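Everything below concerns the one structure shown next.
The values are calculated or read from the model by the stated rules, or taken from the named source; none is laboratory data. Bear in mind the structure is a predicted one, so any value in this text is a computation, not a measurement. Quick reminder, even Gly has a Cβ in these numbers, built from the backbone with ideal geometry, and neighbours come from all protein chains shown. Accessible surface areas use protein heavy atoms only, side chains included; no ligands, DNA or RNA. Shrake-Rupley method; radii C 1.70, N 1.55, O 1.52, S 1.80 Å.
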Amino acid sequence: MVPATVPLAGAALLPVGPALGVLLAALLLAAATVGALAHLTHGTGRPGGGTRSAGGGHGHARAVLSAGLRAVVQLAAVSLLIGWVVRAVPLLLTFIAVMFAVAVRTAGRRIAPNRSWGWAAAPIVAGVLPVVAALLLTELVPVRGITLIPVTGILIGGALTATVLGGRRALDELEARRGEVEAGLALGLPPRDARLEIARPAASDALLPGLDQTRTVGLVTLPGAFVGMLLGGASPVQAGAVQLFVLVALMAVQVVAVAVVLELVAGGRLHRDADPDVSSTAAEGE
């Protein structure tokens, strides 16, 4: 029987043991080494600010090691907790709330390392909440059970990526082309419109990874949901349907997230420093 042999094939593919640990450690060290040798550092996001990081030119090398070690700890914790969490709806919702809070904190601090980072919650909520609500209302995903956690996690992760890329690209472009923004203001454009004209094309680039993944699915890549369903014993048709839903839902979530983060940047809500123009705009809004 095929369903009986598929899990065994999956187990043979990635047996959990010392060999897997050694291979993961080697890959992590190799990635960090290449990053260090190539001087892949954290950019400042400011024109003329350079790309040297506080870590002496090894920003992303250290980030790779840190991310890998955090992934080990976090996945180990989730593996232990998830079976306990799904037993009660309050615990399930608490777990999802923690996922959301971490995503907001991560996105916000990546975009704007100041007090405005909290606005990163808006694009993530605006993208994820309608899709999850639709899934629950149509009963495609039950409130009880383990299904809600991975589905919501995929959507939150997609919104996180789109928010970070869209927000950072928009702010970088505004700083690099500050003179054009000032020219628009001099011509009588409202601050929002002047920023929007410059930031919109750059922020839109955040959609490219998701669009490319959707365009090439089945031709270049077989994404995780499809492979996971197959290894779990589902039929190819079922796996394809689930993967199609994930891709389409992610596109919807990311488009909304980019649109909202662009509006926040253009409106001066998300910013990197005390821009007098931003301050005056906020004061006028009050």
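Around Val217, which amide H atoms from residues at least 5 apart in sequence, or from another chain, sit under 5 Å from its own amide H, with H modelled in the peptide plane? Correct list: empty. Using bins of 5 Å that start at zero, the share of Cα-Cα pairs per bin across the range 85-225 amounts to 2, 9, 14, 16, 16, 15, 11, 7, 5, 3, 1, 0, 0, in whole %. Accessible area ranking (1.4 Å probe, heavy atoms, ligands and nucleic acids excluded), largest first, for His271, His39: His39, His271.
Order these peptides, 249-262, 113-126, by their mean beta-carbon neighbour count within 10 angstrom, highest first. Write down the numbers at each step before the final one.
On the way: 249-262: 23.6, 113-126: 19.0.
Descending packing order for the listed peptides: 249-262, 113-126.
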